[in-house]
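Undergrad: Here it is, the structure, as structure tokens.
The values are calculated or read from the model by the stated rules, or taken from the named source; none is laboratory data. Given the structure is predicted, the values throughout are model-derived calculations rather than measurements. With ideal geometry, Cβ positions are generated from the backbone for all residues, glycine too; neighbour counts draw on all protein chains shown.
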Amino acid sequence: MIGDFMLWLEETGSTQSVLKEFSFPYGTVVVANRQREGRGRFGRKWHSEEGGLYFSFLLRVEDFKELLPLPLVVSYGVLLQIERKGFKPMLKWVNDVYISGKKVCGVLVERSKEKVVVGVGINLNQKEFPSDLMATSLYMLKNEVSEKKEFLLETLEILNRVLEEFKTFGFEKFRPAIRQRLMFLGEEVVVYSQEPVVGIFEDIDQEGSLLLRTAQGLLKFNAGEVSLRGSNIF
């Protein structure tokens, strides 16, 4: 179970690094009030000041038949918790949660030999963000402070259930619900992978890959960034 052992730090470089560099039992959760070197995909810096909820947990590779959809599945689990609080979040393929066009959560999945380290950053109680970030927090949206430990435990409860179902039934069980909550589905987008590709975001397949309808035919992307064409949402 995720959270049977928990380490809560006032500050660290990144919760991901703690789990990757030291030996912990599977299911361990490392939480930090602040991260000096919080990061997202592609090594991007994750704004990790006081007020956010930053945690990572440890999974065993052999427990999962498929790892490719894991970022989407974890993001979906966090989305369910945010929905429970009365918000209407959406999933941005492949690993983000947005509300009203602004990011409230990011997920990072990294494999290190036989273990998988999953990092989650949730914008919980921050009162402001740098103007160059398309980000918001639950506090900024509702003017209500969330109790961090309670929010974490509720999120872990959902993630435990979702991940157990993912182990048993695979991604196909979640695909319909995730499709309903995907940003840009059916719209013209730009996918940034090795190079920008324009097309219609047609669907996600049974592995969680993005299917893009282009002039050259249907293309499949396992990773990358997707943005509505002509917008600055990344």
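Undergrad: When residues of the range 78-104 are filtered for being in contact with a strand residue (DSSP E or B) (Cβ under 9 Å, 6 or more places away or on another chain) and either buried (at least 20 other Cβ atoms within 10 Å of the Cβ) or outside any loop (DSSP other than H, G, I, E, B) (or both), how many remain?
TA: 18
Undergrad: Further question on the same structure: Going by the structure shown, is Glu165 surrounded by 15 or more Cβ atoms within 10 Å (Cβ to Cβ), in contact with a Phe, Trp or Tyr (Cβ under 8 Å, 6 or more places away or on another chain) and not hydrophobic (A, V, I, L, M, F, W, C)? Walk me through how you get there before you give the answer.
TA: Details: surrounded by 15 or more Cβ atoms within 10 Å (Cβ to Cβ): no; in contact with a Phe, Trp or Tyr (Cβ under 8 Å, 6 or more places away or on another chain): yes; not hydrophobic (A, V, I, L, M, F, W, C): yes.
Here the answer is no, as Glu165 does not meet what is asked.
Undergrad: Among the numbered criteria (1) exposed (fewer than 15 other Cβ atoms within 10 Å of the Cβ); (2) at positive phi, which one does Phe184 miss?
TA: (1)
Undergrad: Does Met140 count as outside the structural domain of Val31 (by TED's automatic domain parsing) and modelled with pLDDT of 95 or more? Break it down stepwise before answering.
TA: Details: outside the structural domain of Val31 (by TED's automatic domain parsing): no; modelled with pLDDT of 95 or more: yes.
No; evaluated as a whole, the condition is false for this residue.
Undergrad: Any chance the range 145-162 includes a residue that's over 16 Å from the mean Cα position of the chain (by Cα), of a type in the set (A, V, I, L, M) and at pLDDT 95 or above?
TA: Yes - at least one qualifying residue is present in the range 145-162.
Undergrad: For the structure I just gave you, tell me whether Ser193 is farther than 16 Å from Trp93 by Cα and small (Gly, Ala, Ser). If you could, list the steps in order and put the result at the bottom.
TA: Numbers: farther than 16 Å from Trp93 by Cα: no; small (Gly, Ala, Ser): yes.
Here the answer is no, as Ser193 does not meet what is asked.
Undergrad: Could you check Leu53 against (1) in contact with a strand residue (DSSP E or B) (Cβ under 7 Å, 6 or more places away or on another chain); (2) surrounded by fewer than 17 Cβ atoms within 10 Å (Cβ to Cβ) and say which number it fails?
TA: Leu53 satisfies all of (1) in contact with a strand residue (DSSP E or B) (Cβ under 7 Å, 6 or more places away or on another chain); (2) surrounded by fewer than 17 Cβ atoms within 10 Å (Cβ to Cβ) except (2).
Undergrad: Could you say which residue among Arg175, Arg179 is of a type in the set (Lys, Arg) and surrounded by 15 or more Cβ atoms within 10 Å (Cβ to Cβ)?
TA: Details: Arg179 fails: surrounded by 15 or more Cβ atoms within 10 Å (Cβ to Cβ).
It is Arg175.
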